[in-house]
Amino acid sequence: MTNSLGRRAAVDRETAETRIHVDLNVDGRGLATVRTGIGFYDHMLSAFAKHGRFDLELTCDGDLEVDAHHTMEDCAIALGAAFDRALGDRAGLVRMGDALVPLDEALIQAAIDLSGRPFAAVSLAFVGERIGEAPTEMVAHVLQSFSVGARLTLHVRQLAGANDHHIAEATMKALGRALDAATRPDERIAGEVPSTKGTLTT
């Protein structure tokens, strides 16, 4: 059963391409220590944790000599899996959440359903190919990979924006805010799974 306190999880993911460790506290304060070897990705994940009020420790040793793809993808899968594990059967949660986040000229909307069904629809329009060492094409892939690991439905759309850094950062802030809203306990349904099917994990 999910409870409102101490929703924590640790996940280790190791492949021939990456070695990842994640420690997550859903009921945190937004404290983050992230080391992926990709500076802007660290920034993105730290912004996600800060604005979602999640405490997060994430380290990755990835094959960056190849490119950033495996590191960014696998970290998103592992982070999603940590949320899936920490939320348990998802009983007593609000379940759905959304956020509209501005960052200067950028405006991003994110909506989440802790449905148990992985799906992501992402509409972002970047100008360039990279932000630091992070390929801009990987931002959408990170969101898709996270939705798979966390087993949730995610919609993200860009309503405005011209600066790639702002677009990506606002996206991660919106993801954090929407997930914070969705994972909040709903005292009216304590102990109940918020689904007419009676389950969000099968």
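The values are calculated or read from the model by the stated rules, or taken from the named source; none is laboratory data. This structure is a prediction, so every number in the text was calculated from the model and none was measured. Virtual Cβ from ideal backbone geometry, glycine too; neighbours counted across all protein chains shown.
Within the option set Thr201, Thr183, being at pLDDT 95 or above, touching a helix residue (DSSP H, G or I) at 6+ places or on another chain (Cβ under 9 Å) and polar (S, T, N, Q) holds for one residue only, Thr183.
Here's the yes/no breakdown for (1) hydroxyl-bearing (Ser, Thr, Tyr); (2) closer than 20 Å to Gly176 by Cβ; (3) touching a residue at least 60 places away in the same chain (Cβ under 8 Å); (4) touching a Pro at 6+ places or on another chain (Cβ under 7 Å):
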| position | (1), (2), (3), (4) |
| --- | --- |
| Thr18 | yes, no, no, no |
| Asp23 | no, yes, no, no |
| Asp27 | no, yes, no, no |
| Leu56 | no, yes, no, no |
| Cys60 | no, yes, no, no |
| Val66 | no, no, no, no |
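If you go through region 95-104 and keep only what is surrounded by fewer than 20 Cβ atoms within 10 Å (Cβ to Cβ) and outside any strand (DSSP E or B), you end up with just Asp104.
Pick out the one residue from Arg95, Arg117, Arg85 that is on the phi > 0 side of the Ramachandran plot and either under 17 Å from the mean Cα position of the chain (by Cα) or polar (S, T, N, Q) (or both). Outline the logic, then answer.
Working: Arg117 fails: on the phi > 0 side of the Ramachandran plot; Arg85 fails: on the phi > 0 side of the Ramachandran plot.
The unique qualifying residue is Arg95.
Only residues that are crowded, with 16+ Cβ neighbours inside 10 Å, small (Gly, Ala, Ser) and outside any helix (DSSP H, G or I) were counted across region 155-194, and they come to 1.
May I ask you to say which residue of Val11, Val22, Val34, Val66 is modelled with pLDDT of 95 or more, hydrophobic (A, V, I, L, M, F, W, C) and part of a loop (DSSP other than H, G, I, E, B)? Steps first, answer last, please.
Details: Val11 fails: part of a loop (DSSP other than H, G, I, E, B); Val22 fails: part of a loop (DSSP other than H, G, I, E, B); Val34 fails: part of a loop (DSSP other than H, G, I, E, B).
Selected residue: Val66, the only one of Val11, Val22, Val34, Val66 that is modelled with pLDDT of 95 or more, hydrophobic (A, V, I, L, M, F, W, C) and part of a loop (DSSP other than H, G, I, E, B).
When region 105-137 is filtered for residues that are free of Cβ contacts under 8 Å to residues at least 40 places away in the same chain, part of a loop (DSSP other than H, G, I, E, B) and either surrounded by 14 or more Cβ atoms within 10 Å (Cβ to Cβ) or touching a Gly at 6+ places or on another chain (Cβ under 7 Å) (or both), the ones remaining, listed by number, are Pro118, Thr136.
Under the condition of being in a helix (DSSP H, G or I) and either surrounded by 22 or more Cβ atoms within 10 Å (Cβ to Cβ) or aromatic (Phe, Trp, Tyr) (or both), the residues counted in region 82-94 number 3. Any residue in region 36-51 that is surrounded by 21 or more Cβ atoms within 10 Å (Cβ to Cβ) and either more than 25 Å from Ala160 (Cβ to Cβ) or free of Cβ contacts under 8 Å to residues at least 60 places away in the same chain (or both)? The answer is yes, given that some residue of region 36-51 is surrounded by 21 or more Cβ atoms within 10 Å (Cβ to Cβ) and either more than 25 Å from Ala160 (Cβ to Cβ) or free of Cβ contacts under 8 Å to residues at least 60 places away in the same chain (or both). Among the residues of region 138-154, the ones that are in a loop (DSSP other than H, G, I, E, B) and of a type in the set (Ser, Thr, Tyr) come to 0 in all.
The criterion of being touching a Ser or Thr at 6+ places or on another chain (Cβ under 6 Å) and touching a residue at least 24 places away in the same chain (Cβ under 8 Å) holds for Arg157. Among the conditions (1) assigned to a helix (DSSP H, G or I); (2) surrounded by fewer than 22 Cβ atoms within 10 Å (Cβ to Cβ); (3) touching a strand residue (DSSP E or B) at 6+ places or on another chain (Cβ under 6 Å), Glu57 misses just one, which is (1).
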